[in-house]
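Only the coordinates and a few stated rules stand behind these numbers; no lab work does. Everything numeric in this text was worked out from a predicted model, so none of it was measured. Cβ placement follows ideal geometry from the backbone for every residue including glycine, while neighbour counts extend to all protein chains displayed.
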Amino acid sequence: MTPRQDRITRRRMMQIAAAGVTFGSQCPWFDALATAADDPKRKRSMIMLWMGGGASHIDTFDPKPGEKTGGPFKFINSTVPGIRVCEHLPQVARQMKHLAVVRSMTTTEGDHRRASVLIRTGRLPEELVQYPTFGSLVSKELGDPKSELPNFISIGGRNTEDSRGSNIPGFLGPDYAPLLVGDGGSKRRGGSKDLTVPDIKPQVESERVVDRIQMMDDLNAEFAAGREGEARASAESAYARALRLSTGSASAAFNLDREPEKLRDAYGRNAFGQGCLMARRLVERGVPFVEVSFGGQGWDSHFRNFPWVQENCAVLDPAWATLMEDLAVRGLLETTTVFWMGEFGRSPFINGLQGGGREHYPNAWSLVLGGGGIKGGQAYGKTDRLGGTVEDKPVSAPDLLATLCKAIGVDYVKENISNVNRPISIVEKTAKPVTEVLA
Amino acid sequence: MIRFLFTLVAASVALFSANAAPPDPTILAAKIDARIDEQLKANGVKPAAPASDAEFHRRAAIDILGRIPTVAEARAFLDDQSPGKHAKLIDRLIASPAAINHAATLWRYALVPQAQRVQFIDVTLEAWLRAELRAGRTADRLMYNLLTAPLDYNNREPDGKLRPAPGVSPVSFYQANDLKPEAVASSATRVLLGIKIECAQCHNHPFDKWTKQQFWETAAFFAPVPPQLPDEKIRPIAELSLRKTVSMPVKDKETEVTPKFMSGNVPDWKGVTDTRSLFAAWATAKTNPYFARTTANRIWAQFFGIGIVDPVDDFNTANVPSHPELLDELAEALVASDFDTNILVKAIGRTAAYQRASKGTEKAQNDPRLFARMSVKGLSPEQLFDSLAQATGYREPIPAAARAAFGVNPDTPRGAYLAKFAGGAQRADAQTSMLQALTLMNGAWMSRETSPETGETLIAVANAPFLDDAAKIETLFLAAYARKPTTGEREKFLSYLLREGDAGRKAQLADIFWSLLNSQEFLLNH
């Protein structure tokens, strides 16, 4: 047993149990991989918990008790004095030492698509320049092009009208496109069995797969000579990566059956919970950027806001808290930045629809950063009494992305060549990283 | 740049307005080859050998029809011993209805770049383009009609979601530009003139001499583009068609700007009933050197994979054409044919440059701007799916006409494929992604089409009593590659086919077909 494993077992087990995760004394999931975390050269990773639709900041992390905008929820103490969070996020409240709440996000876009493009690329949609999504940019910097697993994996992310243009590799090209896991295209929140990689398994028995690939390779070798060029190189690379995934051992990363039942329960038996568990398995295997999308109807609570948020929190709370704890137990939290965000917040004003709804609100909203590179245990920035305007330390979309780059050691002014042959920096050079939330 | 550009206009007036007879494609082809050869010679590069008949056939079918040839077409072309069969093939392909569908797809790609694409925009715009092309519109009329199209209808449902226009209308082009005069103007100048002025929207152009003032003066021609009303309706354009002012933001305030041509000329409003029509007429005039050049250049890129000016949408002083005289000659031919782009297709199809092999014999041929060998192009998602369907014998259950009216149905294999892969960057479009590779190797539809029980081509080939094993393999090669197998390939695949005797033969035939369809020779246009 390595020292690390020795350290983990007792003390961490107690902590994780205290945090609401309970399982038997047998922990087969500690083996082999736990040592990976000890590698000092270990790359950093990022997990984005994407709250599509836009979650209400006032009902989650920026309470306005007693105000007419405050809503009916109670707020509870977190483990960090002075930071209170929604009563429906009790497990997350216990993770606050790892988390930094940014309460002063302020952006310009109130339409789902434009706002998603802005927060996920740092740029407004343009006609001709196709800006890469943040996951593509990060995976290009941190990923190993030869790795068995793709460097950018998006779990439960759906390509809809509302997200169009926000989850594309843009001018970086298809090598940096996310592998979509569980892209069912359905609006309902799926079960965990939906979390499969489409078309990863060959449809004929394995001996025939070997023959087929052999014949394909022979045909390609014949064709390749004298035909250099971008199109052929791209086909070659795409097939090589697809074959690594569908015939290699890497696909085991997606198999959640190997996880203990109790841990699976702790994450929550739903697509988001199991998606968070899968994210941990992927990060453990060195995937630099994983997105877990909340899925279902998201957070777009124009009506019936309060029951809606409460129901969502019941899914979010165990999944997110268990993820933080699970990463910590495995020594992965120091190298994994976890962040929680949507495309905007929701209006302080409560409309009269079905017991009260909240509208899109980009002017002032919250998001939460945590884990590696982040100085947890703090709330940064401040909104006014009603939660409608940022009073202190405003943070823009580029500021946020620059901060995240700093957290994982990516030089955000580094330039890539765009599809219009103009060098474009990862994040605008004018962005101001929020150094106060960086560890 | 402006001054340079419009001296150019003045100089070309005589050249372009001369009432020349439509050019002869064979003569034009010789001119093209002379220009290409000039540069090859200057660079000391020897061109590649001519393509085989099969390679040429497959390439021309993909470039003109958007799909590979059928087995019967492939066989017929290989067997044809008549002189001039290459030229005859090009002319036959152009006359096919599929050529119009493919041309409509290409125009749509140019008009609505990827990042903005939504299914219904693609579909309704493409349906309109198709109808116009079927009605025989030449490039100038097509663009004129686009820029002056009526726009009066309600485009939103009560839930606020965009809906396609009733009937066939190009209004989705305007919707893709957020119904904003300035966005429509930048799209129009980019597509028609190959000039990107959108960055002059906020400040003067960094490379060229376009000013912010000029940008907004151009945008003012599109002042009639109806804004969204608060009730989510588009106001009937009749009320707005003569509107002539847009507001240019200047620091904290806004200034009213009225239309003026980029050439500096002041428009003459006599008899004009739609402000947009003056820009449309000016941009598509034979005397406007940019429209003919941009259109000719785009056609060239369709066939060679790279423009004479490249990127094709970016004509500027720093972006030098590889063959400037050639571009002028192509533009001139286009003007002389009253913007009938088929003249260029016929000529290009007849050139030695287009008929060259994609396989190079020396490194120097790899420079794509020399056209020493045919460049290997990726297939667009549409080309790839339609070619797979052709090879496997698959027929979409819903006829193309129904598809055109109400959108791609994501429940059909074609709709699902396009919904999944029609995204990303424009040039990267033709690149292969890992997801695409997974879908082609393991996807349900492909598995169905490469199964001897369900794949139409495979069923036919496996069960044909008149085909022996060698003929079966040959048919699969013709279906996928439009060529017959080489002797080596024939022997190798025959021995694979016979490896397990009769029992495994069908499965092995399927394995062979699968490897053909997943190979680069199939996936690429070469």
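Could you pull out the trypsin sites (Lys or Arg not before Pro) across region A:266-311 that fall in loop regions by DSSP (anything but H, G, I, E, B) with no more than 14 other Cβ atoms inside 10 Å?
Sparse-neighbourhood loop trypsin sites (Lys or Arg not before Pro): A:ARG269, A:ARG304.
Spacing of the modelled spin labels on A:THR69 and B:GLN81, each 7 Å from Cα toward Cβ, amounts to 8.7 nm.
For chymotrypsin sites (Phe, Trp or Tyr not before Pro), the sites in region B:250-347 that DSSP calls loop and that have at most 14 other Cβ atoms within 10 Å are B:TRP269. Put in order of Cβ neighbour count within 10 Å, fewest first, the listed residues A:VAL437, A:VAL292 become A:VAL437, A:VAL292.
For B:LYS31, the lysines whose Cα falls under 28 Å of its own Cα, not counting residues fewer than eight places away in the same chain, are B:LYS41, B:LYS46, B:LYS85, B:LYS88, B:LYS286, B:LYS346, B:LYS359, B:LYS363, B:LYS377. The simple Förster model, with R0 at 22 Å and r as the Cβ-Cβ distance, assigns B:THR317 and B:GLU38 a FRET efficiency of 0.40. Pairs A:LYS74/A:LYS97; A:LYS432/B:LYS253; A:LYS382/A:LYS406; B:LYS180/B:LYS244: which are spaced more than 24 Å apart, C-alpha to C-alpha? From the list (A:LYS74/A:LYS97; A:LYS432/B:LYS253; A:LYS382/A:LYS406; B:LYS180/B:LYS244), the Cα-Cα distance tops 24 Å for A:LYS432/B:LYS253.
If neighbour count is taken as other Cβ atoms inside 10 Å, put B:ARG490, B:ARG134 in order from fewest to most.
B:ARG134, B:ARG490
Over chain A, DSSP H runs of length four or greater, each weighted -39,500 (n - 2.57), average out per residue to a 222 nm ellipticity of -9000 deg cm²/dmol. Measuring r between the beta carbons of A:LYS382 and B:VAL250 and using R0 = 22 Å, the FRET efficiency lands at 0.05. When B:ASP502, A:ASP62, A:ASP111 are arranged by Cβ crowding within 10 Å, least crowded first, meaning fewest neighbours, the order is B:ASP502, A:ASP111, A:ASP62. Counting charges near B:ALA87 (Lys, Arg +1; Asp, Glu -1) among other residues having Cβ under 9 Å from its Cβ returns a value of +3. Each part gets one Cα centre, and for region A:239-277 versus region A:370-394 those centres are 34 Å apart. Near A:ILE350, no amide H atom lies under 5 Å from its own; only residues 5 or more places off or on other chains count, and H is placed 1.01 Å from N.
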